[in-house]
Ligand code: NAD
């Protein structure tokens with residue numbers, strides 16, 4: 001039982017020590033089904049009291065869990081993966097219900113989440129240390145990776161299953177315990193998945209869930225038992241998490257927002273490019289940190305690209321993601337976010353961008369009270385405009401027409417973010433120049449959304465990441481472990497010593 005019925009809607013419970021318990025919160029936030037605008041639950045906005053209770057339990061659980069042999073910890077992940085596969089469709093439906101993604105998009109995100117669990121199953125090999133014999137005469141040296149203690153994860157709204165799972169399967173298999181604070185907008189999927197961890201045999205208290213907003217986050221950032229913070233969200237908050245967390249002595253990895261540039265060279269395969277760009281800009285309604293949100297067609301590419309892109313995007317079906325109909329794009333997550341995105345389109349138009357496709361004109365009469373916006377293309381945008389410089393996080397593609405690859409690279413250099421960038425070209429030379437020079441950490445060459453899979457780190461640069469070790473892959477393991485170096489020397493018994501070794505005799 002993960003929620004309690006109160007007057008208005010079911011209130012989410014906390015997971016502490018394997019039990020679903022009530023929060024001490026007195027304030028709550030509504031959770032919506034963005035397709036219909038209905039309230040489907042309430043998130044308690046907890047604070048220090050809830051975090052303290054969960055952190056103490058997690059600390060106790062950590063002391064036992066870290067002593068469980070690593071292969072047994074990995075076996076929990078194998079069972080967890082099997083259970084996720086069995087409940088795959090149900091989890092995807094929960095993502096769609098609370099977030100609004102289409103079902104195929106939700107399924108793909110759950111698949112990505114399960115890949116992190118697969119990666120975690122391999123941690124016994126990946127967590128191995130290093131050793132060297134005779135580093136000095138008769139001295140051997142080795143490093144061993146130890147877990148660090150209670151870790152916390154703070155998640156954004158846009159991938160209710162995938163982003164939390166970037167964090168805790170790795171943290172837990174490395175031997176840590178974990179406190180997850182899901183986004184207060186979409187906590188239900190995390191709660192459903194938590195039951196599978198228990199079913200997989202994870203001891204009580206190793207994985208816990210707390211709920212809330214700023215107060216809850218501040219409690220996590222300052223609680224003395226919490227040793228590490230993984231954060232994914234907007235840049236403004238990521239910077240705050242990094243500075244506050246590190247000032248409180250914690251290890252922090254904080255992934256932030258993005259503006260991802262898509263360069264289209266005149267020699268690109270335009271049919272493929274239109275399809276890929278459409279999926280990149282409007283997939284998940286643009287609510288992706290790796291969404292292609294800024295197209296930079298070079299020279300003649302603009303004329304070959306933009307009219308076809310507008311035509312293709314105009315045909316996209318936007319509607320409820322309730323499983324009865326099969327739209328290409330669902331709603332945005334909330335009314336508040338919809339208003340923000342619409343406001344940014346208005347601002348872009350006022351600043352002089354030409355609205356080549358206007359999602360604000362979407363006929364929403366048949367779409368109940370959901371939070372809908374159609375795909376929008378702002379052509380002839382200029383580098384100084386807000387729609388070029390700022391993250392919009394909605395189905396909005398800005399187009400800046402440039403004369404050369406060098407001009408496109410210059411716009412990238414000037415961008416405060418640095419998550420992803422993509423080039424479409426048939427020229428190895430252009431691709432190489434782009435790959436080497438572009439000012440971002442994740443590069444795609446004729447690949448729509450170059451989001452790395454679980455085996456690679458999510459390598460955002462600049463204001464898209466604060467910290468040293470990125471989320472996922474081998475950097476994820478480094479983040480959730482600390483190394484212990486041991487240097488060993490065993491003396492040879494000397495002839496004068498009284499030491500009687502049963503095997504070794506002193507050399508003559
Ligand atoms: P957000 O920053 O508003 O919220 C993220 C988390 O921070 C939530 O759990 C929220 O409760 C908490 N939070 C919000 N305001 C806070 C405050 N004032 N103090 C402390 N904590 C606070 O982000 P969002 O709107 O949920 O998610 C969208 C953002 O996440 C976008 O900017 C997107 O680019 C980014 N994102 C980045 C990545 C990446 O890997 N770089 C991945 C997914 C999403």
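The values are calculated or read from the model by the stated rules, or taken from the named source; none is laboratory data. Predicted, not measured: the structure shown is a model, and the values here were computed from it. Heads up, the Cβs are rebuilt from the backbone with ideal geometry, glycines too, and the neighbour counts pull from every protein chain shown.
With respect to the conditions (1) surrounded by fewer than 23 Cβ atoms within 10 Å (Cβ to Cβ); (2) within 23 Å of residue 459 (Cα to Cα), residue 215 falls short on a single one, namely (2).
Please pick out the residue among 186, 206 that is more than 21 Å from residue 32 (Cβ to Cβ) and touching a helix residue (DSSP H, G or I) at 6+ places or on another chain (Cβ under 9 Å). Exactly one of 186, 206 is more than 21 Å from residue 32 (Cβ to Cβ) and touching a helix residue (DSSP H, G or I) at 6+ places or on another chain (Cβ under 9 Å), namely 206.
Of the strands (runs of 3 or more DSSP E) that lie entirely inside segment 177-270, those containing 2 or more residues that are within 24 Å of residue 481 (Cβ to Cβ), without any contact (Cβ under 8 Å) to a residue 40 or more places away in the chain and in contact with a strand residue (DSSP E or B) (Cβ under 6 Å, 6 or more places away or on another chain) span 177-181.
What do you reckon, is residue 326 within 15 Å of the ligand (Cβ to nearest atom) and farther than 22 Å from residue 407 by Cβ? No, not satisfied.
Within segment 313-325, the residues that satisfy the criterion of being over 15 Å from residue 368 (Cα atoms) and loosely packed, with under 12 Cβ neighbours inside 10 Å are 315, 317. Just one of (1) under 22 Å from the mean Cα position of the chain (by Cα); (2) in a strand (DSSP E or B) trips up residue 133, so point out which. Of (1) under 22 Å from the mean Cα position of the chain (by Cα); (2) in a strand (DSSP E or B), only one is false for residue 133: (1). Counting only helices (runs of 4 or more DSSP H) that sit wholly inside segment 368-484, those with at least 2 residues that are crowded, with 21+ Cβ neighbours inside 10 Å and within 14 Å of the ligand (Cβ to nearest atom) are 473-479.
What do you reckon, is residue 167 closer than 25 Å to residue 52 by Cα and touching a residue at least 24 places away in the same chain (Cβ under 8 Å)? So residue 167 passes the test. Considering 160, 124, the condition of being in a helix (DSSP H, G or I) and either assigned by TED's automatic domain parsing to the domain that holds residue 202 or modelled with pLDDT of 95 or more (or both) is satisfied by 124 alone. Comparison of 107, 73, 112 shows that the only residue that is touching a helix residue (DSSP H, G or I) at 6+ places or on another chain (Cβ under 6 Å), without any contact (Cβ under 8 Å) to a residue 24 or more places away in the chain, part of a helix (DSSP H, G or I) and surrounded by 15 or more Cβ atoms within 10 Å (Cβ to Cβ) is 107. The residues in segment 257-277 that are surrounded by fewer than 24 Cβ atoms within 10 Å (Cβ to Cβ) and in contact with a helix residue (DSSP H, G or I) (Cβ under 6 Å, 6 or more places away or on another chain) can be counted, and the count is 5. For segment 401-426, the tally of residues that are in contact (Cβ under 8 Å) with a residue 24 or more places away in the chain and under 22 Å from residue 462 (Cα atoms) stands at 17.
Considering the conditions (1) near the ligand (Cβ under 9 Å from one of its atoms); (2) without any contact (Cβ under 8 Å) to a residue 60 or more places away in the chain, residue 158 is excluded by exactly one of them, (2).
Residues in segment 176-188: is at least one away from the ligand (no atom under 16 Å from the Cβ), modelled with pLDDT of 95 or more and surrounded by fewer than 24 Cβ atoms within 10 Å (Cβ to Cβ)? No - not one qualifying residue is present in segment 176-188.
In segment 291-321, the qualifying residues are those that are part of a loop (DSSP other than H, G, I, E, B) and in contact with a helix residue (DSSP H, G or I) (Cβ under 8 Å, 6 or more places away or on another chain), and the one that is farthest from the ligand (Cβ to nearest atom) is 316.
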